[in-house]
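The values are calculated or read from the model by the stated rules, or taken from the named source; none is laboratory data. Since the structure is predicted, the reported quantities are computational estimates derived from the model, not experimental observations. Here the Cβ is made from the backbone with ideal geometry for all residues, glycine too, and neighbour counts use every protein chain on show. What goes into the accessible areas is simple: the full protein's heavy atoms, side chains included, and nothing from ligands, DNA or RNA. Shrake-Rupley method; radii C 1.70, N 1.55, O 1.52, S 1.80 Å.
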Amino acid sequence: MNSNNPFFKSKTFTNTSRAEETVHEAKVIDYNQTMTVSGTINKSFLMLLLLVASAAITWTMTFNGYNPIVLTIGGAIVGLVLVLISSFKPHLSPYLAPGYAVFEGLFIGGLSAIFEVMYPGIVIQAVSCTFVTFMVCFGLYKYQIVKVNERFRSVVIAATLAIATYYLISWVISMFTSFVPVHYGNSLMSIGISVFVIVIAALNLFLDFDQIDKGVQEKMPKYMEWYGAMGLMITLVWLYVEFLRLLSKISSRD
């Protein structure tokens, strides 16, 4: 039950499940108050709508001649704060998840507008690639063509941690030296790294699907639907941003 997505840590799901066991032993379980797949999907769609509506704000500002940098950076920071709070307080997810979608939308809208100005048409390509990747991964998982086992989890988590560590170290070093990370620029090596990161991000979707399924099977409380939807949204945002970066590298070589 491990997922690299910070939202899908087994400890949170396990602790939540154990906390509810005492209540379930004392009374008949009300299945209308437990986590369901359909409930999680509905909340995911709602969060997506909020994200798109919010993204339209910074997107419109950019193309109307206004600088949305404050809202873009502010959205990223607030979104990160909400993720951290929810990871420790999952019962607050019904309130924090919609907020995350709104503030992350401000960030995504501003970032997308910047890329669109530089490379016209890139946003629709990145959105399409993200959607197709999600649907393919969902289909492979639903029909059990790809099964999530311990080895699968271990490989994906290890690869994701390696990516995170590399990005962090590269960023810190580049701040204090003239070092230029390999993943910067549009070299074939840089493009290859972006493709690898996208593959790992896509594989994380399988872990997220599996974690949601486990939550449903263990009859976790209803608020975990928001928690699951928020975690899935985090992975999709990561995937979309990586597609933007990959497509921009390819376009800059033309």
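Just a few scattered comments:
- FRET efficiency for residue 199 and residue 69, using Cβ-Cβ distance with R0 set to 30 Å, rounded to 0.05: 0.45
- Computed FRET value (nearest 0.05) for residue 169 with residue 81, which takes r as the C-beta separation and R₀ as 25 Å: 0.60
- For the pair segment 239-254 and segment 52-88, the centres of their Cα atoms are 21 angstrom apart.
- Apportionment of accessible area to carbon and sulfur, segment 33-252, percent (1.4 Å): 75
- Model label points for residue 53 and residue 145, set 7 angstrom from Cα along the Cα-to-Cβ axis, are 3.5 nm apart.
- Loop trypsin sites (Lys or Arg not before Pro), segment 109-193, which have at most 12 other Cβ atoms in a 10 Å radius of their Cβ (DSSP): 147
- Contact order for the chain, expressed relative to its length and based on alpha carbon pairs under 8 Å spaced 6+ residues apart, stands at 36 percent.
- Helical runs (DSSP H, four residues minimum) scored at -39500 (n - 2.57) apiece and divided by the length of the chain put the mean residue ellipticity at 222 nm at -27500 deg cm²/dmol.
- About the centre of its Cα atoms, the chain shows a dipole size close to 240 debye [charges on the beta carbon of Lys, Arg (+1) and Asp, Glu (-1) only; nearest 20 debye].
- Accessible area of the chain divided out per residue, in Å², using a probe of 1.4 angstrom: 52
- Evaluated over the chain, the count of Lys pairs having alpha-carbon atoms less than 15 Å apart is 10 (only pairs 8 or more residues apart or interchain).
- Ranked by the mean number of other Cβ atoms within 10 Å of their residues, highest first, the peptides 76-87, 104-115 fall in the order 104-115, 76-87.
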